[in-house]
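Worksheet for the structure shown next.
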Amino acid sequence: MSLLVLGSIALDTVKTPIEERTDLLGGSASYAAIAASFFSPVNLVGIVGDDFSKENIEFFKSRDIDLGGLQVVPGKTFRWSGEYMWDMNQRETRSVELNVFENFTPDLPESYRSARMVLLGNIAPALQHHVLDQLIRPHFVIADTMDLWINIAKEELLSLIARVDMLILNDGEARELTGETSLIKAGRKIREMGPSAVAIKKGEHGCLLFGDGQFFSCPAYPLEDIHDPTGAGDCFAGGLAGYLSSRHISDADLAEKKEIPFEFLRQAVVEGSVIASFNVESFSMDRLREVTKADIAERYEIFRTLSRFEAI
Ligand code: AMP
């Protein structure tokens, strides 16, 4: 079963304290789709301009990513530029050029409308709604978001949150959205807004997962060298959604109204963290170009050993 991924496809300029790179393949959908493709086939929904290189298209094609939902139109691709401080957790957006994004309506190809597992990656909530409106009977819809939408499109975001099964956001956004300083209270409050599951990311400190009466605190994989944190959140969401897509319960189980077990969500959060940890080791998606499934399995095992503790 394919995972439907919506989001931005961008050409990024990224400046870190060490170096600056331009025209990098970026965007929430690009990162999420590449991350998810380690686990599941992906149907990608997005838009690019005619400046988007053949190499980038070929990169998507070289993975199990279907481009039937990718619009290529005259004009320039969405561009974003960001700068990281010495503390790589701190980032400033330097510029945003919407370009072809300005007139983007994500109309789905007929074959995408029956998607059961869906990731509405970080993009304007109105576009996330538009995709949701076209789906026939999605089973599990995950939405990712960012502080920008809490600030400029709160009503649309709140109505979106009420329609999805899982929301992913970072700690600052969870606090802003709920007005709670405690992330535990914030997670609970977001569940009351609609989603049965909530993942609150805490950057280099891991992630909190809230489910139906269940809770999981996932540490972060300890990395020595971080070269470019861009897309870590999108890779986390993509890896998580791709894993869930690969473990999706059968139509027979769905007929019996079986929910996705919390153990699957737990595992998905860990898989998403592992993929994100690889992604930040290089600029853009360069590290994910060379990582193999065996590398992922190996890091997963190391992560498991590091995180386990037993009573003496
Ligand atoms: P992350 O580091 O996970 O927050 O994601 C960074 C990616 O998000 C970059 O590759 C940007 O191109 C993309 N991005 C930045 N701002 C926006 C926006 N307003 N809408 C959609 N995508 C964005």
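Sort Leu157, Leu223 by accessible area with a 1.4 Å probe, largest first. Spell out each step's value before the answer.
Details: Leu157 0, Leu223 45 Å².
My answer, sorted largest first, is Leu223, Leu157.
What accessible area per residue, rounded to a whole number of Å², is obtained for region 76-197 using a probe radius of 1.4 Å? Write down the numbers at each step before the final one.
Working: 5850 Å² over 122 residues.
Per-residue value: 48 Å².
Based on the Cα gyration tensor of region 201-306, what are the three equivalent ellipsoid semi-axes, each the root of five times an eigenvalue, rounded to whole Å and given largest first? Walk me through the numbers on the way to the answer.
Numbers: eigenvalues 137, 48, 29 Å².
After diagonalising the Cα gyration tensor, the semi-axes are 26, 15, 12 Å.
Which of the pairs Lys154/Lys201; Lys54/Lys202; Lys15/Lys185; Lys154/Lys293 have their Cα atoms more than 27 Å apart in this structure?
Values: Lys154/Lys201 20 Å; Lys54/Lys202 36 Å; Lys15/Lys185 35 Å; Lys154/Lys293 39 Å.
From Lys154/Lys201; Lys54/Lys202; Lys15/Lys185; Lys154/Lys293, over 27 Å: Lys54/Lys202; Lys15/Lys185; Lys154/Lys293.
If one computes the Cα centroid of region 21-39 and of region 121-185, what distance in Å separates the two points?
If you average the Cα positions of each part, the centres end up 20 Å apart.
Could you give the semi-axes, largest first, of the ellipsoid that matches the chain, computed as the square roots of 5 times the alpha carbon gyration tensor eigenvalues and rounded to whole Å?
26, 24, 20
Pulled fully out, how much extra length does the chain show between Asp147 and Gln90, if you take 0.36 nm times their separation in residues and subtract their Cα-Cα distance?
On the way: separation 57, 0.36 × 57 = 20.52 nm, distance 1.41 nm.
Stretched fully, the Asp147-Gln90 segment lengthens by 19.1 nm.
For region 66-77, just list the computed ³J(HN,Hα) in residue order, Karplus coefficients 6.51, -1.76 and 1.60, θ = phi - 60°, integers in Hz, with x standing in for Gly and Pro.
For region 66-77, the Karplus-derived couplings read 7, 9, x, x, 9, 8, 10, 10, x, x, 9, 5 Hz, x marking Gly and Pro.
Once you have a ≥ b ≥ c as the square roots of the Cα gyration tensor eigenvalues for region 113-254, tell me rounded if a/c is under 1.5, and otherwise prolate or oblate according to whether a/b is larger than b/c.
Details: a/c = 1.42, a/b = 1.21, b/c = 1.18.
The shape class here is rounded.
Full-extension gain between Glu83 and Arg113, please, as 0.36 nm times their residue separation minus the C-alpha to C-alpha distance. Provide the component values of the computation, followed by the final result.
Details: separation 30, 0.36 × 30 = 10.80 nm, distance 3.76 nm.
So the chain would gain 7.0 nm between Glu83 and Arg113.
What distance in nm lies between label points placed 7 Å from Cα along the C-beta direction at Ser307 and Met193?
Distance between label points: 2.5 nm.
If amide H atoms are built 1.01 Å from N in the plane of the peptide, which residues on other chains or at least 5 residues away come under 5 Å of the amide H of Ser282?
Hits under the 5 Å cutoff: His227, Asp228, Arg287.
Using Cα centres only, tell me the gap between region 55-73 and region 76-100 in whole Å.
First find each Cα centre; the distance between them is then 23 Å.
Quick one: which residues, 5+ away or cross-chain, put their amide H under 5 Å from the amide H of Asn170? H built at 1.01 Å from N.
Amide H neighbours of Asn170: Lys201.
Once you mark the chymotrypsin sites (Phe, Trp or Tyr not before Pro) that are in a DSSP loop and have at most 15 other Cβ atoms within 10 Å, what is the longest gap between them in the chain?
On the way: sites that count: Trp86, Phe309.
Longest site-free region, per DSSP loop and neighbour criteria: 87-308.
Give me the percent of accessible area attributable to carbon and sulfur for the chain, probe 1.4 angstrom. Don't skip to the end; give the middle numbers.
Numbers: 6850 of 14180 Å².
In the chain, the share of accessible area belonging to carbon and sulfur is 48 percent.
The values are calculated or read from the model by the stated rules, or taken from the named source; none is laboratory data. Values in this document were obtained by computation on a predicted structure and should not be read as measured data. Here the Cβ is made from the backbone with ideal geometry for all residues, glycine too, and neighbour counts use every protein chain on show. For accessibility, only protein heavy atoms count, side chains too; no ligands or nucleic acids. Shrake-Rupley method; radii C 1.70, N 1.55, O 1.52, S 1.80 Å.
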